[in-house]
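In what follows, a structure is listed as structure tokens, so that the remarks can point back to it.
The values are calculated or read from the model by the stated rules, or taken from the named source; none is laboratory data. Not measured: the values here are computed from a predicted model. FYI the Cβ positions are ideal-geometry reconstructions off the backbone, even for glycines, and counts take in every protein chain you see. Calculation scope for accessible area: heavy atoms of the full protein, side chains included, ligands and nucleic acids excluded. Shrake-Rupley method; radii C 1.70, N 1.55, O 1.52, S 1.80 Å.
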Amino acid sequence: MDSEKSPATEFISADAHEAKDLIASGYRYLDVRMVEDFNKGHVDVESVFNIPYFIMTPEGRVKNPQFLEQVLSVCSKQDGLIVGCGTGGRSRLATVDLLNADFKHVRNMGGGYRSWHEAGLGVKKEA
């Protein structure tokens with residue numbers, strides 16, 4: 001029997017209203033969009049932070065090689081995290097990476113920031 005862990009491919013998604021309720025119960029919101037996109041508008045909750053899943057390099061857009069390290073610098077693997085991006089694509093990838101790194105309470109926000117905004121929930125723009 002192979003004792004290696006298989007990579008996570010399944011995860012739990014939350015819609016915008018479920019995400020809002022989870023955040024109210026203590027979850028934190030991890031926005032994985034690029035900083036420029038985050039500053040144009042993001043969910044307006046107390047515990048929101050931005051760590052890009054992709055970064056721009058001279059070769060183009062690549063996965064942030066320090067993503068997991070940066071997330072671990074601001075939270076623990078036991079923290080509840082809602083992971084969101086613009087429409088849900090990047091956050092799905094980030095959620096899988098976090099689960100594979102043994103984060104225990106991670107949910108992808110289906111539809112991303114767009115779904116939050118369309119649900120009429122609070123948004124904030126950085127100055």
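Quick notes on this structure:
- Of the residues screened, Ser47 is not one that is of a type in the set (S, T, N, Q) and at pLDDT below 90.
- Residue that is most open to solvent (accessible area, probe 1.4 Å), among those in the range 108-127 that are more than 16 Å from Val35 (Cα to Cα) and assigned to a loop (DSSP other than H, G, I, E, B): Gly120
- Contact map, the range 102-127: first residue at pLDDT 95 or above, second residue part of a strand (DSSP E or B) and among the acidic types (Asp, Glu), Cβ cut-off under 6 Å, separation 6 or more or different chains; the map is empty.
- Qualifying residue in the range 56-76 (condition: under 15 Å from Met109 (Cα atoms), under 14 Å from the mean Cα position of the chain (by Cα) and surrounded by fewer than 19 Cβ atoms within 10 Å (Cβ to Cβ)): no
- Looking across the range 89-107, the residues that are under 17 Å from His42 (Cβ atoms) and open to solvent by less than 40 Å² (accessible area, probe 1.4 Å) come down to Gly89, Ser91, Ala94.
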